[in-house]
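Q: Take this structure, written in C-alpha cells, and hold onto it; I'll ask about it next.
Read-outs: derived from the displayed coordinates by stated rules, not from any lab. If you're wondering where the values come from, they're calculated on a predicted model, not measured in any experiment. Neighbour counts are summed over all protein chains in view; Cβ atoms, including those assigned to glycine, are modelled from backbone coordinates with ideal geometry.
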Amino acid sequence: VQLVESGGGLVQAGGSLRLSCAASGRTFSMYAMGWFLQSPGKDREFVAAISWTGRDTGYADSVKDRFTISRDNAKNTVYLQMNSLNPEDTAVYFCARSKGYRVDISSDDYGDWGQGTQVTVSS
C-alpha cells in the first residue's frame, strides 16, 4: 500500500491545519490507521489512531481535545484536524497503516508508512 500525506505547512500559534493521508489499494477499510510525529533528534511519537470502522479513536494526552482523527473509507483517506496549534507541535507528521483493525498506539503495530509532511508552528 502507498500512503501519501498532504496538508502540512507553516501556521501561527493558535491556528489550525488539516492533514490528509490518501491510501492506495482496496484494503484500506480493513485496517486501523494512525498518525505519528517525529521531531529532530527524537523518536517517532504516537499522535492519534482510528479503528477500521472509524468508531474507535485514541489520542496522545498532548493532543487530546485539540486534534481529531477521522477517516473516509469511500475515499481511502484518513484525516487529522489540528486546532489550537502551538510551537511544540512542530514536527514531521507521518500517516501509518496498522497491522490490525483496532486502535494501536505503538509504532511497532504499524507496517506501512507515508513519507511525512512538515508542520511548523511559529510563536
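Q: Simple spin-label model, 7 Å along Cα-to-Cβ: THR27 to ALA13 in nm?
A: Placing both labels 7 Å along Cα→Cβ, they lie 4.5 nm apart.
Q: Ok, one more. Can you tell which of ARG26, ARG97, ARG18 shows the greatest fluctuation in a Gaussian network model of the chain with Cα springs below 10 Å?
A: Comparing ARG26, ARG97, ARG18 in the GNM, the peak value goes to ARG26.
Q: Right, another one. Got a sec to turn the phi values of the stretch 11-19 into Karplus ³J(HN,Hα) couplings, 6.51 cos²θ - 1.76 cosθ + 1.60 with θ = phi - 60°, whole Hz, x for Gly and Pro?
A: For the stretch 11-19, the Karplus-derived couplings read 9, 7, 3, x, x, 10, 9, 10, 8 Hz, x marking Gly and Pro.
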